[in-house]
Amino acid sequence: YPHTTVTGLIYDSASLVAALRKAAEVIDYAGFRREQASARKDGRHLGIGFGSFIEQTAHATNEFVKRGVPIIFGYDSVSVSVDPSGKVTVDSSLHSHGQGHETTFAQVVADRLGVPIEDVRVRFGDTQSAPYGMGTFASRSAVLGGGAAWKAADIVRQNLLKAAGNMLEVSPEDLEIEDGVIQVKGSPGHRMTVAEVTRAAFHRPEKLPPGLMPADLSSTQSYDAPPGFGTWTNAAHAAIVDVDVRTGLVKLLRYVVVEDCGVMINPLIVEGQVHGGTVQGIGGALLEHLVYDAEGQPLSQTLMDYLMPTALDVPTIEVHHLETPSPFTLGGFKGMGEGGAIAPLPALANAVSDALAPFGVSIDSLPLSPDRILALIQARQEKSR
C-alpha cells in the first residue's frame, strides 16, 4: 500500500487478511466445525459464514475530478474560535444526524488545542453561520470535517502560543498547552491559563505581539485529504446460524465484526455505528424485501408487509477493532459509517449455504426468508430423486 488497481482506484491502506484471520479466531472456526458435526447428528443444521469488504470513504477532490462531475464535493470546512472567556466554539459545514459529530469534533479540537473537552462547543445546521462545505454523506465527516477542525485548531493554537509567549516574555517554541494551561516547558510555575491569555488578547490587545490581533484566535479551514482520492476502510464479519429445515426459519446465534477504520477518534461511537450498519445489513439479508405483482404493483407497501429487524432478530454484536492509519489523512482517520451494512449479506448467505450443504443448497439471492429456504430445499430434493 498504497496500491493502485487496474481501474485506477488507489487503496491507501488496509488490513484485509488480518481482519479475516481475527474474525476466524474470535468466532473459533475450528471449534465451530466440531460443534456443527455434533449438531448434525442430532438433526440440527448449523452454519458459519464470512463476509469481507473494503470500502472507499471520504471521497475527496481528485476523486470527483476523475468522475467529471460539474460541482466538486470533495472538501468540507470548519471554524474554530476562542472567546475572551477561553471557551472554544466549533462551527462545522457538516451536519450530524446521529453520528456523534458533537463529540468527535470536540475531541479533535480539544486534543489539538490542549483544552478540556467540556470547554468546547460544537455547532452545526445553521446555514447563515456555518462555513461553506458539502455536508454529511459517503462516510466523510470524521476524515474531512475532522481534518478541517484539526487544521483550524492548529492555527488557533499557534496564535495562542504567540500571544502567551509575548505575555510571558518567552519564545512560543518554549511553551506547551495542556488541560487549558499554557506553561514554559519544564517550568510549571511560569504559566498562564488559556482563559487568562484570551481575556488579555481581547481586552488588552497591546499585550499581543506585533501583527497578531484578537481575530487571529479564530480560524476557518477547509480540508480535502490530499492527494484527494479518498481513504479505504475494511472489515470482516462472521455469523453462525441455525436453520430449521422444517420451517425455513433462520436463527442468528452469533455475530462477530472485526473492523478497521484507521485511527479511532471515539471507539464507543465507532461501535455504535458498526451496530447500526450491521443491523441494517441483517435486515436486508433476512427480512427486507420489495415485492411486486405481475403488473409491477408494489405488494410490500406497509411495515406489516415489509419486515424490519427488531431486538428479537439480532444477537449481541461482538465488535473487535484493528487500527491501520491512513497515510492520506490527518490523524490517520478513515470513514466507516456505512460499511457495517455491506458484509452481513454475504456473511449470512454463506452461513445458510453452509448449514444447508447436506441438501446441496447454495444461496444466490436474498432475502433469506423461510419460504425461499423451504423452496430451495424442496427443489434440490426433487432434483435428486
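The values are calculated or read from the model by the stated rules, or taken from the named source; none is laboratory data. Predicted model only: the values in this text are computed from it and were never measured. Here the Cβ positions follow ideal geometry from the backbone for every residue, glycine too, while neighbour counts run over all protein chains shown. Calculation scope for accessible area: heavy atoms of the full protein, side chains included, ligands and nucleic acids excluded. Shrake-Rupley method; radii C 1.70, N 1.55, O 1.52, S 1.80 Å.
Listed by chain and number, the aspartates and glutamates whose alpha-carbon sits under 20 Å from that of Lys162, ignoring those within fewer than 8 places in the same chain, are Asp83, Asp111, Asp154, Glu173, Asp174, Glu176, Glu178, Asp179, Glu196, Glu206, Asp216.
Would you mind finding the longest exposed-site-free stretch of the chain, with exposed GluC sites (Glu not before Pro) meaning DSSP loop and at most 11 other Cβ atoms within 10 Å? With a cap of 11 other Cβ atoms within 10 Å, the longest stretch comes to 1-168. Ordered from largest to smallest accessible area (heavy atoms of protein chains, 1.4 Å probe), the residues His320, His237 come out as His320, His237. The residue among Ile72, Leu46, Ala30 whose Cα reaches farthest toward the positive pole of the charge dipole of the stretch 23-73, with charges on the beta-carbon of Lys, Arg, Asp and Glu, is Leu46. Here the Gaussian network model covers the chain, with springs between Cα atoms less than 10 Å apart; of Val243, Val143, Val78, Val243 fluctuates the most.
Given bins 10 angstrom wide, list per bin the percent of all Cα-Cα distances in the stretch 1-145, short to long. Here the calculated profile for the stretch 1-145 is 9, 25, 23, 20, 14, 8, 2, 0.
Could you calculate the contour length gain from Leu9 to Glu25, that is, 0.36 nm times the residue separation minus the distance between their Cα atoms, to one decimal place in nm?
2.7 nm
State the answer as a single residue: which of Pro367, Pro346, Ala379 lies farthest towards the positive end of the charge dipole of the stretch 323-385, with beta carbon charges of +1 for Lys and Arg and -1 for Asp and Glu, about the Cα centre. Final value for the positive-end residue is Ala379.
For the chain, relative contact order (Cα pairs under 8 Å, six or more residues apart, normalised by length) works out to 24 percent. For Val181, the amide hydrogen comes within under 5 Å of the amide hydrogens of Val194, counting only partners 5 or more places away or on other chains and with H modelled in the peptide plane. Cα centroids of the stretch 270-285 and the stretch 324-385: 14 Å apart. Based on the Kirkwood approach, the hydrodynamic radius assigned to the chain is 23.8 Å, with every pair of different Cα atoms included.
So for the stretch 29-88, averaging the separation of alpha carbon pairs under 8 Å that are six or more residues apart and normalising by length, what relative contact order in percent results?
Numbers: 25 pairs, mean separation 10.6, N = 60.
18 percent.
Modelled spin labels at Ala379 and Met308, positioned 7 Å past Cα toward Cβ, are 3.0 nm from each other.
With loop defined by DSSP as not H, G, I, E or B, and exposure as at most 13 other Cβ atoms within 10 Å, which is the longest segment of the chain clear of exposed chymotrypsin sites (Phe, Trp or Tyr not before Pro)?
It runs 138-385.
Just to be sure I understand: with springs between alpha-carbon atoms less than 10 Å apart, which residue in Ala106, Ala355, Ala311 has the highest mean-square fluctuation in the Gaussian network model of the chain? In the Gaussian network model the winner is Ala311.
Within the listed set Gln301, Gln99, Gln273, the residue fluctuating most in the Gaussian network model of the chain (springs between alpha-carbon atoms under 10 angstrom) is Gln301.
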